[in-house]
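A.B. asks: Got a structure for you, questions after.
The values are calculated or read from the model by the stated rules, or taken from the named source; none is laboratory data. All values derive from a computational prediction rather than experimental measurement. So basically every Cβ, Gly included, is an ideal-geometry build from the backbone, and we count neighbours across all protein chains shown. Accessible surface areas use protein heavy atoms only, side chains included; no ligands, DNA or RNA. Shrake-Rupley method; radii C 1.70, N 1.55, O 1.52, S 1.80 Å.
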Amino acid sequence: MAMPPRRGTRTRLRRVGKMVRDLRSAAGKTSEEAAARLKCSQPKISRMENGEVGMKLAELEALLGYYQATDQQRHQILRAWEESRQKSLWSRYADALTEKFRSFVELEADARLIQAVDILLVPGLLQTERYTRALHAAAKHFPTSISANRAVEARKVRQQRLTNDNPVQLHTIVDESALRRVVGGREVMREQLYKLLDLGKRSNIVIQILPFGAGAYATMHGAFTILSFTDPEDPTTVYREHLGGGSWVEDQAEVHQYTRTFEDLRDAALGAPESADLIRRIAADLDAE
């Protein structure tokens, strides 16, 4: 199997967006003024600066002129823009990942640290093939265009980052309900639980369980993932996944709120050894049935 794709399109778009946003700030221009210059909406400027959508060359040239970019700045930004137009290797999984989720996967592939909170499901990077297939089988109506076989293949490629020569650091907090929900039947769930125990032994993976006894906590309504990067040019970001595909949190003040929330949940959850004990007990219950 090929090594996981690196330097995703989403990462490169964010680089271009940040460079243009910094240039706008230095020029003392607002996003509303930039929108007026391009005769577009202010939200479109925000999406371009956040790397959610790409810029056309004419749009970029107009902004560079408006912000009075120096020759050096123009060269650097145009070079980054050219790189952003290169197709990501993840584009070959268009039949396996929705467009929004592919955007997440591209950033995930470049992250140095992944901090994830999951409420109802075992985190995707830790799922067994049969568990993943059971989830796809249950989603009969949405999304209809995704190939289950290809989605499983894409997930396997993503999971290589946990075990390659330079593995990503993963810290995940999982609600106890995700362990007790029998996805795919007892045999499939038992296999999944033992997989968690095996992966939890790796030095780059921390698995903590939020037990029922912890009571109410923030974000019970939905899962989120914090992605942090080695390069300071790539700011930390948050992805909130939902049925419609997911959404991004780019504002650093909001990102900080999610980071603090993750820290609170980390403190409320069982430690890694105690979490492994709970997983082992739940697996034993399945063995006994």
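A.B. asks: From the list Arg190, Arg181, pick out the single residue that is touching an Asp or Glu at 6+ places or on another chain (Cβ under 8 Å), open to solvent by 10 Å² or more (accessible area, probe 1.4 Å) and modelled with pLDDT of 90 or more.
C.D. replies: The match here is Arg190.
A.B. asks: Counting only residues that are of a type in the set (Asp, Glu), modelled with pLDDT of 85 or more and outside any loop (DSSP other than H, G, I, E, B), which one in the range 89-132 is nearest to Leu265 (Cα to Cα)?
C.D. replies: Asp118
A.B. asks: Ala62: assigned to a helix (DSSP H, G or I) and without any contact (Cβ under 8 Å) to a residue 12 or more places away in the chain, yes or no?
C.D. replies: Judged against the criteria, Ala62 is not a match.
A.B. asks: Given the options Ala94, Ala58, Ala62, name the one that is open to solvent by less than 80 Å² (accessible area, probe 1.4 Å) and either among the basic types (Lys, Arg) or closer than 29 Å to Asn149 by Cα (or both).
C.D. replies: Ala94
A.B. asks: Look at the range 222-237 and say how many of its residues are touching a residue at least 60 places away in the same chain (Cβ under 8 Å), of a type outside the set (A, V, I, L, M, F, W, C) and part of a loop (DSSP other than H, G, I, E, B).
C.D. replies: Looking only at that region, the number is 5.
A.B. asks: Determine whether Leu170 is out of contact with any Leu (no Cβ under 8 Å at 6 or more places or on another chain), open to solvent by less than 50 Å² (accessible area, probe 1.4 Å) and not in a helix (DSSP H, G or I).
C.D. replies: In short, no.
A.B. asks: So Lys140 passes all but one of these: (1) of a type in the set (D, E, K, R); (2) more than 23 Å from the chain's Cα centre (by Cα); (3) in a helix (DSSP H, G or I). Which condition number does it fail?
C.D. replies: (3)
A.B. asks: Same structure, new question: For the range 164-181, which residues satisfy the criterion of being free of Cβ contacts under 8 Å to residues at least 60 places away in the same chain and more than 19 Å from the chain's Cα centre (by Cα)?
C.D. replies: Asp165, Ser177
A.B. asks: A further question follows. If only one of Leu23, Leu13 is open to solvent by less than 70 Å² (accessible area, probe 1.4 Å), closer than 22 Å to Val249 by Cβ, assigned to a helix (DSSP H, G or I) and not small (Gly, Ala, Ser), which one is it?
C.D. replies: After ruling out the rest, the residue left standing is Leu13.
A.B. asks: Just the residues that are over 30 Å from Gly17 (Cα atoms), crowded, with 17+ Cβ neighbours inside 10 Å and among the aromatic types (Phe, Trp, Tyr), please, taken from the range 206-236.
C.D. replies: Once the filter is applied, which keeps residues that are over 30 Å from Gly17 (Cα atoms), crowded, with 17+ Cβ neighbours inside 10 Å and among the aromatic types (Phe, Trp, Tyr), the range 206-236 yields nothing.
A.B. asks: Which condition does Arg150 not pass, out of (1) open to solvent by 70 Å² or more (accessible area, probe 1.4 Å); (2) part of a helix (DSSP H, G or I); (3) farther than 30 Å from Glu274 by Cβ, if it passes all the others?
C.D. replies: Every listed condition holds for Arg150 apart from (1).
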